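Presented below is the structure to which this report refers.
The values are calculated or read from the model by the stated rules, or taken from the named source; none is laboratory data. Note that this is a predicted model, so its numbers are computed, not measured. Glycine also receives a Cβ, built like all others from the backbone with ideal geometry; neighbour counts cover every protein chain displayed.
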């Protein structure tokens, strides 16, 4: 699959997910929790610093957990989270498996509670490429959104466009 094909899959998934024009990462998070019928916890995992993998999605019996590496910017953090959200939107959880890396990074986690793990570092497989394309589209939608933007003093945008 090439990036053009991945973008087509991502566009169809984004359309089916039915986000409003003005989207935020929080709105996407809440909509996914409603769609999946479970809590989604997002947290930084310092142990991922310096690892090949910058994001992990744990599919547990009663919730989903997204863990991300420490980042230098809010934009990078958001993109990692959007990539994992994109796997959820694309329903890639059927592809996951238990991971030995999870035991290494999260030794206190009860392995019986984790049903599947998605933690890939390669963008060459179809699922990763589609998730990355969808994350790009969602990031662009958020960037172009006025939702959550604080009001501008003296209507600067109205005056200067």
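Annotations for the structure displayed:
- Residue within the range 52-71 that is assigned to a loop (DSSP other than H, G, I, E, B), within 23 Å of residue 147 (Cα to Cα) and either in contact with a strand residue (DSSP E or B) (Cβ under 7 Å, 6 or more places away or on another chain) or touching a residue at least 60 places away in the same chain (Cβ under 8 Å) (or both) present: no
- Of the numbered criteria (1) in contact with a strand residue (DSSP E or B) (Cβ under 9 Å, 6 or more places away or on another chain); (2) at pLDDT 90 or above; (3) farther than 25 Å from residue 7 by Cβ, the one residue 81 fails is (3).
- Unmet requirement for residue 39, which otherwise passes all of (1) surrounded by 17 or more Cβ atoms within 10 Å (Cβ to Cβ); (2) over 13 Å from residue 138 (Cβ atoms); (3) at pLDDT 95 or above; (4) in contact with a strand residue (DSSP E or B) (Cβ under 8 Å, 6 or more places away or on another chain): (1)
- Of residues in the range 85-95 being out of contact with any strand residue (DSSP E or B) (no Cβ under 9 Å at 6 or more places or on another chain) and part of a helix (DSSP H, G or I), the one surrounded by the most Cβ atoms within 10 Å (Cβ to Cβ): 86
- Residue match in the range 74-84 (condition: surrounded by fewer than 19 Cβ atoms within 10 Å (Cβ to Cβ) and outside any helix (DSSP H, G or I)): no
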